[in-house]
Amino acid sequence: MDTTDVKKPFYTKQYIAAVIATLGAFSIGTIFGWSSQAEPKILNNGETDYNIEREDFAWAVALMGLGGAIISIPAGLIVKRLGARKTLLLFVTPTTVGWILIVWYRNAAMLLVGRLFTGFGAGAFCMIVPIYIGETASPEIRGTAGSLFQQMINLGILYAYFIGMVSEVFTLSILCGIVPIVYGALFFFMPETPTFLVLRNNDSQAVSSIKWLRGSHFDAAAEVDEIRSQSQLAGKADQKTQSVWQSFRQPATVRALVTMLGLMFFLQMSGVNTVLFYTTSIFQSANVVIDPELATIIIGGMQVLGTLVSTVIVDRAGRRSLLMVSGGAMMVSALAFGIYLLLLASDGDVAFQVAKLGWIPVAALCMYVTLFSVGLGPVPWLMLGEIFASDVKGPASALANMTSFGLSFVLSRLFPLAWDSIGGGPTFIIFAGFCFLEVVFVVLVVPETKGKSLGEVQIMLASR
């Protein structure tokens, strides 16, 4: 490929496409962050006229994850047929409908259905935005562009945390609900991915898409040939006659699937989503030295900082290094927080003395979410867009996404029960154990994809 034309302006529209695509991730962040601020306002402050029981709200939190899990397979099939762009636009609708139900709910059922529908959108965006970025960004910037996905989730969470601190639940829900509408309006003008267009034998539109992304003087024909050869090197030249099952039996696909399912498993079992969903109530229980809502804002800010660091270094340090450092630091911080909660719940003078150390839970959770945002948060979603061959990317990503959201549903529903039954201390010590296992998994299984083209990744996986 002719790269003599590759200069700073070459990246401009690629970054524009990536930023606008990741507004879908910003929408996910508002969905994640809404419950942390809405829970005390609805259950404790009585800000709404409609009685919602604690059990109903716990189900509302969990149903978002169930929605994401349910929609994963259909979204994977849809993206293979329609392409990433049209599929993302399609799922703006259920997300908006979900927020409408949340804004104007009159009973628990409307709130539950609303959260389920926003889960449909979150699940689809989580899976397809990385695919879009992976197929539109060049290898030189794919890591940095891919890290925008987690950063936008974090910014969306921080947005919801801040709005929730300064306003009532109704205003919070309204300002979260307009995000997918703005996203759909902007993303409508973005191009389809060149990879999808080439696989549909639409070379002329693929060339137009490449020139829009790379610049008018870029050698688009060479990239079209490279995309086609990558499909052939992966052993899938005849995609019209090869079944999905045959594609999944390819060694490269098997290894990619094991990697992604494992990373999604440990992403959720680290406990991070339950922390994000219940941040304010966790801090209320931990006797922190500052206002729990302010501590929640600090957590959101530290997430943004962590992902900013990841964006800068991901294409230098590599995926494996960030995953190992992230898992190790999360293990230490979750263990420290768990021990603090155990001592706080003990009898006698020990609990009294520990209660004076209310800065420990804030520091521990800040370290926990910051290092999550450096590695275990952004890297799996980045790799989701670069580790699967084009013809299995939709259904394979769907399985990985279903694993992540399915576990999110289970954990977010079990977390309040675990907190009440065994206590917060043992719960976080269990999370620390899974963080340790994540490091072991990365060392033994996860390949390094830094700086490799999509075709080179497939060749590497096939030869492992």
Return the residues of the range 150-190 that are without any contact (Cβ under 8 Å) to a residue 12 or more places away in the chain and farther than 30 Å from Lys13 by Cα; say none if nothing qualifies. Val166, Ser167, Thr171
Does at least one position in the range 247-269 carry a residue that is without any contact (Cβ under 8 Å) to a residue 12 or more places away in the chain and either touching an Asp or Glu at 6+ places or on another chain (Cβ under 9 Å) or over 30 Å from Phe57 (Cα atoms) (or both)? yes
For Arg320, work out the one condition from (1) part of a loop (DSSP other than H, G, I, E, B); (2) basic (Lys, Arg); (3) touching a residue at least 24 places away in the same chain (Cβ under 8 Å) it doesn't fulfil. (1)
Out of all the residues in the range 3-23, is one or more over 24 Å from Met190 (Cα atoms), at pLDDT below 95 and either touching a helix residue (DSSP H, G or I) at 6+ places or on another chain (Cβ under 9 Å) or in a helix (DSSP H, G or I) (or both)? no
Unmet requirement for Asp391, which otherwise passes all of (1) assigned to a helix (DSSP H, G or I); (2) farther than 18 Å from Lys452 by Cβ: (1)
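Take the conditions in a helix (DSSP H, G or I), under 24 Å from Ala400 (Cβ atoms), among the aliphatic types (A, V, I, L, M) and without any contact (Cβ under 8 Å) to a residue 40 or more places away in the chain and apply them to Val325. Does it pass?
Judged against the criteria, Val325 is not a match.
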With criteria (1) among the aliphatic types (A, V, I, L, M); (2) modelled with pLDDT of 90 or more; (3) more than 24 Å from the chain's Cα centre (by Cα), Ala329 comes up short on (3)
With respect to the numbered conditions (1) over 25 Å from Asn401 (Cβ atoms); (2) at pLDDT below 90; (3) crowded, with 18+ Cβ neighbours inside 10 Å, which one is the sole condition not fulfilled by Ala351? (3)
Could you pull out the residue among Ala418, Ala398 that is free of Cβ contacts under 8 Å to residues at least 40 places away in the same chain and either over 25 Å from Arg316 (Cβ atoms) or part of a helix (DSSP H, G or I) (or both)? Ala418
I'd like to check something: does the range 334-347 contain any residue that is touching a residue at least 12 places away in the same chain (Cβ under 8 Å), over 19 Å from the mean Cα position of the chain (by Cα) and under 30 Å from Thr118 (Cα atoms)? yes
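For the range 229-250, indicate whether the set of residues that are assigned to a helix (DSSP H, G or I), of a type in the set (Val, Ile, Thr) and either modelled with pLDDT of 75 or more or within 21 Å of Ser147 (Cα to Cα) (or both) is non-empty. Break it down stepwise before answering.
So in the range 229-250, the residues assigned to a helix (DSSP H, G or I) come out as 229-233, 244-248.
Right, trim to of a type in the set (Val, Ile, Thr) and you get 244.
Those left that are additionally either modelled with pLDDT of 75 or more or within 21 Å of Ser147 (Cα to Cα) (or both): none.
No - not one qualifying residue is present in the range 229-250.
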Qualifying residue in the range 256-264 (condition: under 24 Å from Arg320 (Cα atoms), at pLDDT 90 or above, touching a Phe, Trp or Tyr at 6+ places or on another chain (Cβ under 9 Å) and assigned to a loop (DSSP other than H, G, I, E, B)): no
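Do we find that Phe405 is in a helix (DSSP H, G or I) and either in contact (Cβ under 8 Å) with a residue 40 or more places away in the chain or out of contact with any helix residue (DSSP H, G or I) (no Cβ under 7 Å at 6 or more places or on another chain) (or both) in this structure?
Numbers: in a helix (DSSP H, G or I): yes; either in contact (Cβ under 8 Å) with a residue 40 or more places away in the chain or out of contact with any helix residue (DSSP H, G or I) (no Cβ under 7 Å at 6 or more places or on another chain) (or both): yes.
For Phe405, the condition - in a helix (DSSP H, G or I) and either in contact (Cβ under 8 Å) with a residue 40 or more places away in the chain or out of contact with any helix residue (DSSP H, G or I) (no Cβ under 7 Å at 6 or more places or on another chain) (or both) - is met.
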Answer residue from the range 408-459, given it is polar (S, T, N, Q) and touching a helix residue (DSSP H, G or I) at 6+ places or on another chain (Cβ under 7 Å) and is surrounded by the fewest Cβ atoms within 10 Å (Cβ to Cβ) among those: Ser453
Taking the conditions exactly as written (part of a helix (DSSP H, G or I) and within 20 Å of Val61 (Cβ to Cβ)), does Phe149 satisfy them or not? no
Checklist (1) touching a Gly at 6+ places or on another chain (Cβ under 9 Å); (2) hydrophobic (A, V, I, L, M, F, W, C); (3) farther than 19 Å from Ile174 by Cα applied to Ile153, failing item: (3)
Test for Gly98: is it assigned to a helix (DSSP H, G or I) and over 13 Å from Phe120 (Cβ atoms): no
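The values are calculated or read from the model by the stated rules, or taken from the named source; none is laboratory data. Given the structure is predicted, the values throughout are model-derived calculations rather than measurements. Note that each Cβ is placed from the backbone with ideal geometry, even for glycine, and that neighbours are counted across all protein chains shown.
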